[in-house]
Amino acid sequence: MPGMRRSPSWRADFHLHTDFSADGLMPPAQLLATARARSLDCIAVTDHHTIAGGLAVARLAKKNRGRAITVIVGAEVYSSAGEII
């Protein structure tokens, strides 16, 4: 529509694991570098039963002077109903 402003688009991945998870392979610094290389604006680090990897990525993102990226710290936990993020 003429005169309407478009909202900025974000690229995001809301289910990532670091090597703090048994099924994660990347250390926090590598995960952050990969997210930046893929032009992601926002990531959620959801390691299994721990937020340690997410906190490490968030600290690195604040210190790093590279392209800004928003880091959501989360966890993936098991429940009687299945896995919950």
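Just one residue in the set Phe14, Phe20 is open to solvent by 90 Å² or more (accessible area, probe 1.4 Å), touching a His at 6+ places or on another chain (Cβ under 9 Å) and in contact (Cβ under 8 Å) with a residue 12 or more places away in the chain; that residue is Phe20. Would you call Leu32 surrounded by 11 or more Cβ atoms within 10 Å (Cβ to Cβ) and either assigned to a helix (DSSP H, G or I) or more than 13 Å from the chain's Cα centre (by Cα) (or both)? Yes: the conditions hold for Leu32.
Here's the yes/no breakdown for (1) at pLDDT below 95; (2) not hydroxyl-bearing (Ser, Thr, Tyr):
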{"position": "Ser7", "(1), (2)": "yes, no"}
{"position": "Thr18", "(1), (2)": "no, no"}
{"position": "Pro27", "(1), (2)": "no, yes"}
{"position": "Gln30", "(1), (2)": "no, yes"}
{"position": "Ala44", "(1), (2)": "no, yes"}
{"position": "His48", "(1), (2)": "no, yes"}
{"position": "Glu76", "(1), (2)": "no, yes"}
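Looking at Arg67 and the list (1) of a type outside the set (A, V, I, L, M); (2) open to solvent by less than 40 Å² (accessible area, probe 1.4 Å); (3) assigned to a loop (DSSP other than H, G, I, E, B), which single condition is not satisfied? Condition not satisfied by Arg67: (2).
In the range 41-56, the residues that are farther than 15 Å from Leu25 by Cα and touching a residue at least 12 places away in the same chain (Cβ under 8 Å) reach residues that are outside any helix (DSSP H, G or I) and among the aliphatic types (A, V, I, L, M) with C-beta atoms within less than 6 angstrom, at least six apart or across chains, in these pairs: Cys42/Ala12; Ile43/Leu16; Ile43/Val71; Ala44/Ile72; His49/Val77; Ile51/Val73; Ile51/Ala75; Leu55/Val73.
The values are calculated or read from the model by the stated rules, or taken from the named source; none is laboratory data. Keep in mind the model is a prediction, meaning the values are calculated, not measured. Glycine also receives a Cβ, built like all others from the backbone with ideal geometry; neighbour counts cover every protein chain displayed. Calculation scope for accessible area: heavy atoms of the full protein, side chains included, ligands and nucleic acids excluded. Shrake-Rupley method; radii C 1.70, N 1.55, O 1.52, S 1.80 Å.
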